[in-house]
Amino acid sequence: MSGWRRGLLACAFVVGSLGSAVASEPFHQPAGCEAVAELPWQAMAPGMWVWAPETPAEVSVANGGHVAPTTLVLGGSKALVIDPGPSHAHAWRVRESVRCRFRARVRWVVNTHAHAENVLGNSAFAEDVAQGAVEILATAATREAMALRCPACLASLRARVGDAAMAGTRIVLPGRTLLAGDELRVGEHRLKVLPVEQGHTEGDLVLWEADRGLLWAGGLVYEGRVPELAQGRLDDWLAALQRLQALRPAVVVSTGVSRAGPSGLPPPALLATLAYLLDLRAAVLQAMDAGRQPQEPGVAALPAYRSWVGYAERHDFNVQRAWRELEPVWMDQGMPPPPADGSAQDVGR
């Protein structure tokens with residue numbers, strides 16, 4: 001057995017033995033809890049809590065970059081945190097709230113994908129990681145992307161939210177690699193690692209808690225915001241959403257928290273993201289059919305989504321990304337390229 005595989009099995013054993021290992025471990029209420037503001041945790045299931053943004057929003061000074069949920073999974077007096085947030089200060093509040101409100105200690109931190117608003121909160125656990133008290137887990141692709149992009153992401157986030165909100169924040173990379181089929185066991189909870197997707201980013205981690213129908217989808221599902229196609233692939237994203245829908249989740253935690261509707265209808269955010277991406281794909285292909293050029297203003301406008309947060313900032317960029325991806329698809333269908341003068345021709349389909 002290879003060394004890295006032994007390491008993964010060792011990690012699974014530690015997490016798996018959590019329920020019995022901590023049952024007799026004493027916990028003493030730490031001093032200074034009165035200084036920690038109460039966080040608006042929302043219960044999702046017994047032992048599972050989420051701190052979600054109040055409304056869909058872009059990163060701003062007002063929200064300090066908190067535009068994605070942070071999840072807490074409790075097992076005895078130890079806890080797992082999924083996506084610790086955008087800054088040292090944000091994740092420090094999470095860490096202290098776990099100690100003070102839940103009388104637990106964060107033992108594991110999971111990064112679902114390499115976007116600043118999800119992973120820069122690792123900073124609050126840097127000392128614990130150095131002492132072996134906390135492990136940070138992610139896919140290999142997420143770790144590589146963080147190493148490549150996080151310096152620029154940190155600078156960009158600081159510019160958007162201000163130095164004060166980002167004080168003390170530094171890049172802390174995951175140390176454990178998660179693979180499809182791994183299981184994170186925290187007390188009675190069993191979170192299965194599903195096959196890594198490559199739609200929103202290069203390594204989208206999906207976690208599935210089958211007993212309660214809880215699905216953590218990283219940045220694959222948007223609610224009231226235009227999806228970001230910067231590092232992803234349109235057709236891979238659509239395929240990923242179809243796989244997620246087939247699971248029939250009761251709750252999806254992604255850029256927001258979305259619950260299934262009556263009569264078994266999928267969570268509305270999942271359907272909305274799927275609809276936007278399908279409409280984006282169709283609009284780009286129709287523009288190609290018409291002999292349009294990608295640099296034309298409003299070449300693939302989608303008025304139905306103008307009210308979504310981020311439409312003005314991201315939709316045109318998504319069109320450019322989708323155009324580059326779909327042009328070979330369009331060409332493979334036997335259709336000639338648009339004429340140089342932009343005039344339309346009957347190309348059929």
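Restricting 211, 204, 236 to those that are in contact with a Gly (Cβ under 9 Å, 6 or more places away or on another chain), surrounded by fewer than 24 Cβ atoms within 10 Å (Cβ to Cβ) and over 20 Å from residue 305 (Cβ atoms) reduces the list to 236. Return yes or no: is residue 125 touching a residue at least 24 places away in the same chain (Cβ under 8 Å) and surrounded by fewer than 22 Cβ atoms within 10 Å (Cβ to Cβ)? So residue 125 does not fit the description; no. Take the residues of the stretch 149-174 that are over 21 Å from residue 74 (Cα atoms) and touching a strand residue (DSSP E or B) at 6+ places or on another chain (Cβ under 9 Å): which is surrounded by the fewest Cβ atoms within 10 Å (Cβ to Cβ)? Checking each candidate, the answer is 173. Against the condition of a type outside the set (Asp, Glu), at pLDDT 60 or above, under 30 Å from residue 315 (Cβ atoms) and part of a loop (DSSP other than H, G, I, E, B), how does residue 37 come out, does it pass? Against the criterion (of a type outside the set (Asp, Glu), at pLDDT 60 or above, under 30 Å from residue 315 (Cβ atoms) and part of a loop (DSSP other than H, G, I, E, B)), residue 37 does not qualify. The set of residues in the stretch 229-248 that are closer than 19 Å to residue 282 by Cβ and among the basic types (Lys, Arg) contains only 233. Return the residues of the stretch 164-200 that are in contact (Cβ under 8 Å) with a residue 60 or more places away in the chain, over 22 Å from residue 58 (Cβ atoms) and either assigned to a strand (DSSP E or B) or β-branched (Val, Ile, Thr) (or both); say none if nothing qualifies. The answer is 176, 177, 183, 184, 185, 186, 189, 191.
Applying the set (1) touching an Asp or Glu at 6+ places or on another chain (Cβ under 9 Å); (2) more than 29 Å from residue 48 (Cα to Cα); (3) touching a residue at least 24 places away in the same chain (Cβ under 8 Å) to residue 300 leaves exactly one unmet item: (3).
Yes/no matrix, rows are residues, columns are (1) of a type outside the set (A, V, I, L, M); (2) closer than 19 Å to residue 203 by Cα:
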position	(1), (2)
231	yes, yes
250	no, no
253	no, yes
259	yes, no
268	yes, no
272	no, no
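When the stretch 128-140 is limited to residues that are farther than 19 Å from residue 191 by Cβ and hydrophobic (A, V, I, L, M, F, W, C), the one that is surrounded by the most Cβ atoms within 10 Å (Cβ to Cβ) turns out to be 129.
Once the stretch 74-121 is narrowed to residues that are among the polar types (S, T, N, Q) and surrounded by fewer than 24 Cβ atoms within 10 Å (Cβ to Cβ), the residue that is nearest to residue 64 (Cα to Cα) is 97. Only one of the numbered conditions (1) touching a strand residue (DSSP E or B) at 6+ places or on another chain (Cβ under 8 Å); (2) modelled with pLDDT under 95 is violated by residue 31, and that is (1). Looking at the stretch 144-173, which of its residues are closer than 19 Å to residue 125 by Cα and in contact with a Ser or Thr (Cβ under 7 Å, 6 or more places away or on another chain)? Of everything in the stretch 144-173, those that are closer than 19 Å to residue 125 by Cα and in contact with a Ser or Thr (Cβ under 7 Å, 6 or more places away or on another chain) turn out to be 154, 165, 166, 168, 169, 170, 172. Restricted to helices (runs of 4 or more DSSP H) entirely inside the stretch 225-338, those with at least 1 residues that are farther than 27 Å from residue 144 by Cβ and of a type in the set (D, E, K, R) are 268-289, 311-332. Within the set 284, 251, 257, the sole residue that is touching a Phe, Trp or Tyr at 6+ places or on another chain (Cβ under 6 Å), over 24 Å from residue 140 (Cβ atoms) and touching a residue at least 40 places away in the same chain (Cβ under 8 Å) turns out to be 284. A search for C-beta distances below 8 Å between a residue of the stretch 211-228 that is within 16 Å of residue 50 (Cα to Cα) and any residue that is of a type in the set (Lys, Arg) and modelled with pLDDT of 95 or more, counting only pairs 6+ apart in sequence or on different chains, returns 213/248. Scanning the stretch 294-315 for residues that are within 24 Å of the chain's Cα centre (by Cα), of a type in the set (A, V, I, L, M) and more than 22 Å from residue 258 (Cα to Cα) turns up at least one hit. Look at residue 140 and say whether it is more than 21 Å from residue 49 (Cβ to Cβ) and over 16 Å from the mean Cα position of the chain (by Cα). No: the conditions fail for residue 140.
The values are calculated or read from the model by the stated rules, or taken from the named source; none is laboratory data. Since the model is a prediction, treat every value here as computed from it, not as a measurement. Quick reminder, even Gly has a Cβ in these numbers, built from the backbone with ideal geometry, and neighbours come from all protein chains shown.
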